[in-house]
1. Across region 37-55, which residue is surrounded by the most Cβ atoms within 10 Å (Cβ to Cβ) among those that are modelled with pLDDT of 95 or more and charged (D, E, K, R)?
2. Would it be correct to say that E212 is farther than 21 Å from C74 by Cα, of a type in the set (D, E, K, R), in a helix (DSSP H, G or I) and in contact (Cβ under 8 Å) with a residue 12 or more places away in the chain?
3. So how many residues does region 106-117 have that are buried (at least 18 other Cβ atoms within 10 Å of the Cβ) and in a loop (DSSP other than H, G, I, E, B)?
4. Scan the helices (runs of 4 or more DSSP H) fully inside region 132-201 and keep the ones with 3 or more residues being within 15 Å of the chain's Cα centre (by Cα).
5. Of all the residues that make up region 83-101, how many are surrounded by fewer than 21 Cβ atoms within 10 Å (Cβ to Cβ) and outside any loop (DSSP other than H, G, I, E, B)?
6. Kindly indicate whether any position in region 10-28 is at pLDDT 50 or above and crowded, with 20+ Cβ neighbours inside 10 Å.
Amino acid sequence: MNVRPFVNRSIVASLISALLLIAAACGGGAPEQNVDDPLTAVAEFASIGDEAARSKALFVEAGRVIQHPRCLNCHPSDAHPRQGELLAMHEPPVVRGEDNHGESPQRCDTCHQGANVDHAGIPGHPAWHLAPLQMGWIDRSLAEICEQIKDTERNGGMDMKALLHHMEEDSLVGWAWHPGGDREPAPGTQAAFGALIRAWIETGAHCPDGEEGAHTVSAAPWNADCQSCHELLFE
């Protein structure tokens, strides 16, 4: 008689997490603000006489943050968070869950604590979670993301005032400039990003079109090993 071995999923998940911690502990450090890749200041766009064109150009510059891995990794267009500079599938394998905080045994706060654990290379924030599915940005063009950001049906019910506050002051957004470990910060600073969003709103919040508006960032494919781990833990 063939007996299928019992697999304790919680133990397997814990072992995977422990191995990840050990491997990540050898990582280096990264600056908390990307001063080597500054954002263009709002004043530099004053020479664009047409207000709609200036608004589009401002959003394209802000899009350098929006489409950066620090933001896209938590704005997937499917059930799986990404990690790293190439938007690789999260390892150990996890899914978003009904509340965007993961599913047992691998809830987000199982590993992601209230702050970065730099010696282990694990990012953290008290509100660590995925953006809702309707806010997915991976495989979306910058123009599509722009329209989604303005749509209260798809942006969490935020009007422009709330949207500006989110981009300019939300500390979870601000984590993108303080990622810890060897992760590359988003371009510029949150203050510079917020200034671009503010100016974009003040000039009519127009969305880019043409080649710049069509810019899309795609995620790395999911390899067979990740698929096998996901099946073991969640199926």
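The values are calculated or read from the model by the stated rules, or taken from the named source; none is laboratory data. The structure presented is a predicted model; accordingly, all values stated were derived computationally and were not measured. In this analysis, Cβ positions are derived from the backbone assuming ideal geometry, glycine residues included, and neighbour counts consider all displayed protein chains.
1. If we take residues in region 37-55 being modelled with pLDDT of 95 or more and charged (D, E, K, R), then R54 is surrounded by the most Cβ atoms within 10 Å (Cβ to Cβ).
2. yes
3. Just the residues of region 106-117 that are buried (at least 18 other Cβ atoms within 10 Å of the Cβ), to begin with: 106, 108, 111-112, 116-117.
If we keep only those that are in a loop (DSSP other than H, G, I, E, B) too, we end up with 112, 116.
The total comes to 2.
4. On the way: elements: 142-150, 160-169, 171-174.
So the answer is 142-150, 171-174.
5. Qualifying residue count, region 83-101: 2.
6. no
The rows are residues; the columns are (1) surrounded by fewer than 21 Cβ atoms within 10 Å (Cβ to Cβ); (2) at pLDDT 95 or above.
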| residue | (1), (2) |
| --- | --- |
| S171 | yes, yes |
| L196 | no, yes |
| G210 | yes, no |
| H215 | yes, no |
